[in-house]
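Remarks on the structure that follows.
Values quoted throughout were computed directly from the atomic coordinates according to the rules given, and no laboratory measurement underlies them. It should be emphasised that the depicted structure is a prediction, and the values quoted were computed from it without experimental measurement. All Cβ positions, even for glycine, are placed from backbone atoms using ideal geometry, and neighbour counts span all protein chains on display.
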């Protein structure tokens, strides 16, 4: 018997899908902002060998990059309460995304920092720039400009990976899709639409972040 498609069964859940997509975007925004900030700190410590923080960040990066995101999320949400640290679904999801993105962005940004020619440091010193001015204008901004596309791709990967947050009942897009499918039993239509929404959000995030990078990081607005 041929399968009868019925996308009309999804229409009545449009608001639920929209709320789930909004939750996912909010998670991504919080995770990206804090995660890149953490990654910048880690990159500076590792690139400039600031002891003992370089070693601590080294252990952190290896631990996160070599364990599944789902396990990290479960450790935060289910494991930390054993130590008296209890987090809600939103807080646990954001923390997991920050920690995960922070580890990957540490290495991405460190590569950009280490690619800065030594001569640029010397030129900054000869111009009388302070260490803070040198770091901001000569080291950090050019480093971010070099690796911005890679950072954007990593943010999108984390956004897509946020789907596992449905496992702790965080009401993001996949959680909404699972709920809808459990009510209308239209798995193909439900997950087809959900896939399309994720695809659209990924393209939107890439476009927004690349434009923001051109304006605020590279310094050449289109």
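Okay, here's what the table says:
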{"read-out": "Helices (runs of 4 or more DSSP H) contained in the range 9-108 and holding at least 1 residues farther than 22 Å from residue 175 by Cβ and without any contact (Cβ under 8 Å) to a residue 40 or more places away in the chain", "value": "14-47, 53-65"}
{"read-out": "Residues within the range 38-60 that are within 23 Å of residue 164 (Cβ to Cβ) and surrounded by fewer than 21 Cβ atoms within 10 Å (Cβ to Cβ), tallied", "value": "2"}
{"read-out": "Boolean, residue 4 is without any contact (Cβ under 8 Å) to a residue 60 or more places away in the chain and surrounded by 20 or more Cβ atoms within 10 Å (Cβ to Cβ)", "value": "no"}
